[in-house]
Every structure is written in structure tokens, then in C-alpha cells.
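Here's the structure, in C-alpha cells; my notes come after.
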Amino acid sequence: MSKQGTLTAGRPSATKSRAATLASLADDTAMKRVNFELPADQHTKLKIYATRQGKTIKELLTEYVAQLPER
């Protein structure tokens, strides 16, 4: 008897193979979340600016940080 079609609880990632290849390790970049508060009017200003540039706020800020000098 097959369990096909049976729903189970749990994380899908728990069933995937965790074996890493050299290629997958080389492409792994550690990521950090940045979270801060802005006044509503500044957020609106940023969102409008990003939209006019055809970008998301995330894209805009990521590009800005990438252009900062190293030290």
C-alpha cells in the first residue's frame, strides 16, 4: 500500500539530502539581516525614490552598501 497523496507535517528541507558539494560550498555567502526603523515620511520618500529607479528598497540599499569603501 502506497502513501502517495498522504499529507504529513514537517519541514520539507528535513527530507532533503544535506550532502554538500564543493560547488555548493563555494557559492555559499553568509547573509545577515538588517532591520531598522524609519519615520513614515522617510520610508515613503525612500519607496518613491526606489520605484522611480525601477528598483526595490532592498536592491537600492544593497547597491549602496556595495559601493561603500572597505575601511
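Residues are listed down the side, and each one gets a yes or a no for (1) out of contact with any helix residue (DSSP H, G or I) (no Cβ under 7 Å at 6 or more places or on another chain); (2) modelled with pLDDT under 95:
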| site | (1), (2) |
| --- | --- |
| Met1 | yes, yes |
| Lys16 | yes, yes |
| Tyr49 | yes, no |
| Arg52 | yes, no |
| Ile57 | no, no |
| Tyr64 | yes, no |
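Do you know which residues across region 48-71 are surrounded by 12 or more Cβ atoms within 10 Å (Cβ to Cβ) and part of a loop (DSSP other than H, G, I, E, B)?
If the condition is that a residue be surrounded by 12 or more Cβ atoms within 10 Å (Cβ to Cβ) and part of a loop (DSSP other than H, G, I, E, B), then Lys55, Thr56 are the ones that fit.
Can you run down the residue pairs with Cβ atoms below 8 Å, 6 or more apart or on separate chains, where the first is in region 50-71 and more than 18 Å from Met31 (Cβ to Cβ) and the partner is surrounded by 10 or more Cβ atoms within 10 Å (Cβ to Cβ) and of a type in the set (D, E, K, R)?
The qualifying pairs are Ala50/Glu59; Lys55/Glu63.
Would a scan of region 21-40 turn up a residue that is surrounded by 10 or more Cβ atoms within 10 Å (Cβ to Cβ), at pLDDT 70 or above, more than 19 Å from the chain's Cα centre (by Cα) and assigned to a helix (DSSP H, G or I)?
Among the residues of region 21-40, not one is surrounded by 10 or more Cβ atoms within 10 Å (Cβ to Cβ), at pLDDT 70 or above, more than 19 Å from the chain's Cα centre (by Cα) and assigned to a helix (DSSP H, G or I), which makes the answer no.
The values are calculated or read from the model by the stated rules, or taken from the named source; none is laboratory data. All of these numbers come straight from a predicted model, not from anything done at the bench. FYI the Cβ positions are ideal-geometry reconstructions off the backbone, even for glycines, and counts take in every protein chain you see.
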